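Derivation of every value follows stated rules applied to the coordinates shown; laboratory data play no part. Bear in mind the structure is a predicted one, so any value in this text is a computation, not a measurement. Positions of Cβ are generated from backbone atoms using ideal geometry, with glycine treated the same way; all protein chains shown enter the neighbour counts.
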Amino acid sequence: MEARSGEFAKIGLVMCVMAIAACLADKEVKVKIVKGEKVCEQGWECKGYSKYCCNLTISDIFQTYQFENLFSNRNSPVAHAVGFWDYRSFILAASTFEHLGFGTTGGKLMQMKEIAAFLGHVGCKTSCGYGVATGGPLAWGLCFNKEMSPSQKYCDEFYKYEYPCAPGAEYYGRGAIPIYWNYNYGAIGKGINQDLLNHPEYVEQNATIAFQAAIYRWMTPVKRKQPSAHDVFVGNWKPTKNDTLARRAPGFGSTMNLLYGELTCGQGDIDPMNNIISHYLYYLDLLGVGREEAGPHEVLSCAEQLPFNPSTTKSSS
């Protein structure tokens, strides 16, 4: 019965994806005033009356041909996830977060920059590009949807009461911003209403779930009283004195700090950090925004930043 429930969930998602094309052509903006503030709803894509739904939606400013430009080699014969990733799955996943401000915060420029920033992380973390790859190393995002040769099952027994490992399950890296470890699958699964703790394989079987998991990480603080990657990028976060002393500042650099910590940040101009920045700048160019809008190096980089969360446990990336 459990297996059939999973099949029904997948069928439902497929039906939603098939409906997107029709819905895109028939969006109605509903507006009302709540406590003196204008709030809106835009059908399935920005549902639930929010100030962010009064802005352009992601599908208004980021369309299929742009997705294809960013990820032009994802279905080439040498890619490892041929046929998996697609624009519709991204838009469907994004629709569950647009009312919270994902890709809908600020004016069109900030919206485009956030899409480029988020997908810059995705492109880098799923790339199979290398120095002499056709089209260059930045043209191979969404080549993977899972870790190809896991070295372990990534089951941490410390979390056996809150996030017990399911029999036979393996919690190796999967997704658009790869998830590792049982406790991360459990927490992210709760966040997107999917039982990823018992079924981590959903992330490599369904692109909408894979994108949802990545957007959830982008939108959700690691700890209470901390910003999310979204917050530090769009300007919702004001650094404290301690943040300033730790050289943490609003911008793209701090998104890397929050998502990867000391694996990427605080170690100078290392390749893992520079590769993510390069993907972001490349995507800005492809989207017609221009890399000059990314800001100065100290905004882009986290080379000198102390981590928000020094690593005392295993990382999720």
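Among all the lysines, which ones have a C-alpha under 18 Å from LYS38's C-alpha, if same-chain residues fewer than 8 places away are not counted?
LYS30, LYS47, LYS51
Whole Å is fine, so just give me how far the alpha carbon centre of segment 220-244 lies from that of segment 52-74.
If we compute the Cα centre of each part, the gap is 26 Å.
Output the peptides 221-234, 246-259, 288-301 sorted from most to least packed, where packing is the average of other Cβ atoms within 10 Å over each peptide's residues.
Order by mean packing, descending: 246-259, 221-234, 288-301.
For GLY266, enumerate residues with amide H under 5 Å from its amide H, sequence gap 5+ or separate chain, H modeled in the peptide plane.
ALA303, GLU304, GLN305
Cα atoms only, the chain: Rg and Dmax in Å?
19.1, 57
May I ask you to work out the translational diffusion coefficient for segment 75-120 at 20 °C, viscosity 1.002 mPa s, via Stokes-Einstein with Rh from the Kirkwood sum over Cα pairs, reported in whole µm²/s?
On the way: Rh = 12.1 Å.
Rounded to a whole number, D works out at 178 µm²/s.
Average projected area of the Cα convex hull of segment 192-251, in nm²?
Values: hull surface 20.8 nm².
Averaging across all directions leaves 5.2 nm² for the Cα convex hull.
Using the Cα atoms as the points, what is the convex hull volume per residue of segment 233-317 in Å³?
Numbers: hull volume 8.4 nm³, N = 85.
Looking at segment 233-317, the number lands at 99 Å³ per residue.
Given the options PHE102, PHE211, PHE84, state which has the largest fluctuation in a GNM of the chain using a 10 Å cut-off (strictly under) for Cα springs.
The residue with the greatest mean-square fluctuation here is PHE84.
Under 10 Å, Cα contacts only: if you run a Gaussian network model on the chain, which one of ILE209, ILE192, ILE276 comes out with the highest mean-square fluctuation?
Greatest mean-square fluctuation among the candidates belongs to ILE192.
Given a Förster radius of 25 Å and the C-beta distance between LYS238 and GLU304 as r, what FRET efficiency does 1/(1 + (r/R0)^6) yield to the nearest 0.05? Spell out each step's value before the answer.
Numbers: r = 20 Å, r/R0 = 0.79.
E between LYS238 and GLU304, to the nearest 0.05, is 0.80.
In terms of modelled amide H atoms, which long-range or inter-chain residues lie less than 5 Å from the amide H of LYS146?
GLY175
Which residue, PRO77, PRO137, PRO200, tops the fluctuation ranking in a GNM of the chain built on C-alpha contacts under 10 Å?
PRO77
Under a 5 Å amide H to amide H cut-off, with H placed in plane at 1.01 Å, what residues pair with ILE179 once short-range neighbours are removed?
ARG174
Run the count for segment 94-222, please: Lys pairs, Cα-Cα under 30 angstrom, 8 or more apart or on different chains.
For segment 94-222, qualifying lysine pairs total 12.
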